[in-house]
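Report on the structure given below.
Where a number appears in this text, it was derived from the coordinates with a stated rule and is not lab data. Given the structure is predicted, the values throughout are model-derived calculations rather than measurements. Cβ atoms come from the backbone with ideal geometry, glycine included; neighbour counts cover every protein chain shown.
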Ligand code: MD6
Ligand code: FE
């Protein structure tokens, strides 16, 4: 039996919620019971013959330090033409890999635990961080509608999450995100600025010298 066969019970029973602000919560260890299954899916999706990790280029011609891929009906991309969602992977010209059922179920359960019912993501951005890589402060605003929450899953090396307010200048909280943690935010916090501080060196027993992040969104 795969561990996701008892996903709802596993996930809901173990929830410890920490508030990060209005309508923003950290579910400590929420994905821990299915960590290996999630990592196997990430490996399959990002295999050389599927949708491999790549460092995308911003419209300002800056190569992102974080490597990215996607699964689901829509995938987030950036290039000289801007930030947007596409149905096809620009590297292969094919549709992005299908979102595994266990990903969708995890995102839906986490959203429910955070107070957002009926979340059905159509996009899953997969981020890979090596030591020293970072994600500068940004808002997630390329989605067609901001009424759905965002669900973000951390795997592997720990990271420091920077969580600010509705303006870039607002003071940021610094939150340690550990293997298996899930962050959910929406509502009044949906457009808050956030980022990831440069990843510290380390080795995780399941991922080696890296951190993965899955970000689920309703993009289209
Ligand atoms: C990361 N996450 O955790 C990057 N965005 O690697 C994000 O940019 C993010 O965690 C929106 C909501 C949650 C997130
Ligand atoms: Fe983001």
Practice problem: Among 197, 51, 159, determine the one that fluctuates most according to a GNM of the chain built with springs between C-alpha atoms less than 10 Å apart. | Solution: 197
Quiz item: How far is it, in nm, from the label point at residue 18 to the one at residue 117 when both lie 7 Å from their Cα along the line to the Cβ?
Solution: 2.9 nm
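From the Cα gyration tensor of the stretch 119-220, with a ≥ b ≥ c the square roots of its eigenvalues, which class applies: rounded if a/c is under 1.5, or else prolate if a/b is larger than b/c, or else oblate?
In terms of gyration-tensor shape, oblate.
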Quiz item: When DSSP beta bridges are limited to those with both residues in the stretch 69-153, what percentage is antiparallel, rounded to the nearest 5?
Solution: 90 percent
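Report, in deg cm²/dmol and to the nearest 500, the calculated mean residue ellipticity at 222 nm for the chain, where each DSSP H run with n ≥ 4 adds -39500 (n - 2.57) and the sum is divided by the residue count.
Rounded to the nearest 500, it is -4000 deg cm²/dmol.
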Quiz item: Rounded if a/c is under 1.5, else prolate if a/b beats b/c, else oblate: with a ≥ b ≥ c from the C-alpha gyration tensor eigenvalues square-rooted, which is the stretch 52-180?
Solution: rounded
Quiz item: When only Cα pairs under 8 Å and 6 or more residues apart are kept, what is the percent relative contact order across the stretch 1-144?
Solution: 22 percent
Exercise. Please find the FRET efficiency linking residue 36 to residue 188, where r is the Cβ-Cβ separation and R0 is fixed at 35 Å, and quote it to the nearest 0.05.
Key: 0.45
Quiz item: Most mobile of 157, 137, 178 per a Gaussian network model of the chain (Cα springs, under 10 Å)?
Solution: 137
Exercise. Evaluate E = 1/(1 + (r/R0)^6) for residue 169 and residue 49, where r is the Cβ-Cβ distance and R0 equals 35 Å; express this FRET efficiency to the nearest 0.05.
Key: 0.20
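List the relative contact order of the stretch 85-220 as a percent without decimals, with contacts defined as Cα pairs under 8 Å and 6+ residues apart.
Taking the mean separation of contacting Cα pairs over the length of the stretch 85-220, I get 34 percent.
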Quiz item: Among rounded, prolate and oblate, which fits the chain when a ≥ b ≥ c are the square roots of the eigenvalues of its C-alpha gyration tensor, a/c under 1.5 means rounded, and a/b larger than b/c means prolate?
Solution: rounded
